[in-house]
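Everything on this sheet refers to the single structure shown next.
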Amino acid sequence: MSLWQRLQQDELRGVHYAVNIFVATTVLWMVVKVYGDANPIWAISSMVATSDPQLRQSLATFKGRLINTLVGSAIGLVFIVFGHTEWQLPTALALSVLVSSYVVRVPTMWRQAPITAAIVVAGSMQHHDTLGALERGAVRVGEVLFGCVVGIVCAWVLSRLWPLREAPKG
């Protein structure tokens with residue numbers, strides 16, 4: 001099968017996804033880097049994880065990522081306030097896995113809870129005061145959530161401008 005036939009067969013899904021990633025990355029770069037004066041890598045990585053050529057899949061990923069990001073954030077922030085030991089990071093990650101797995105039980109993006117807890121807690125280890133650590137953790141979480149929102153908005157807009165059929169199973 002030629003490259004052209006393959007592109008036609010899958011309705012240019014890869015091109016669709018690349019356009020979505022390009023637009024969303026550009027938006028995040030301009031907003032976070034230029035207006036927020038921050039490194040946009042956390043927002044961009046969240047957008048990529050949330051994006052999908054199929055809007056339905058993007059929405060499921062967005063929901064799971066949002067919920068598990070909030071779980072990881074809450075646990076990370078609690079550990080910033082109450083723990084400053086070498087066991088803080090592994091304990092926060094383990095607890096976020098348990099809460100995500102057994103309490104929240106949103107299987108899509110369940111790994112996001114410990115990832116977010118790690119981002120929040122590890123970021124706090126660079127600060128010597130709790131308030132600065134909390135502020136840095138909250139900013140990082142905001143960047144992650146903003147990236148998720150931009151990812152889902154771009155996926156929705158592109159699905160309206162360039163609709164795709166449901167992906168074939170298998």
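Just so you know, all these numbers are worked out from the coordinates, no wet-lab data involved. Note that the coordinates shown come from a computational prediction; the quantities given were computed from them, not determined experimentally. So basically every Cβ, Gly included, is an ideal-geometry build from the backbone, and we count neighbours across all protein chains shown.
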Net charge contributed by nearby residues that have their C-beta within less than 14 Å of Ile67 (K/R +1, D/E -1):
+4
What number comes out for the charge environment of Gly137, summing +1 per Lys or Arg and -1 per Asp or Glu over other residues with Cβ under 14 Å away?
-1
With the contact rule set at Cα under 8 Å and sequence spacing of 6 or more, what percent relative contact order holds for the chain?
32 percent
Mind checking which of Pro53, Pro40, Pro107 has the largest fluctuation in a GNM of the chain, springs on alpha carbons under 10 Å?
Pro107
Charge dipole of the chain built from unit charges on the beta carbon (Lys, Arg +1; Asp, Glu -1), centred at mean Cα; most positive-end Cα among Ser124, Ile67, Val106 is Val106
Quick one: helix 55-82 against the long Cα principal axis of the chain, what's the angle to the nearest 10°, folded into 0 to 90?
10 degrees
Between the helical axis of 13-28 and the dominant principal axis of the chain, each derived from Cα atoms, what acute angle in degrees is found, rounded to the nearest 10?
40 degrees
Would you kindly calculate the translational diffusion coefficient of the chain, applying Stokes-Einstein with the Kirkwood radius from alpha carbon pairs, for 20 °C and a viscosity of 1.002 mPa s, and quote it in µm² s⁻¹ without decimals?
125 µm²/s
Using only Cα atoms, find the angle between the long axis of helix 112-124 and the longest principal axis of the chain, and express it within 0 to 90 degrees, rounded to the nearest 10.
50 degrees
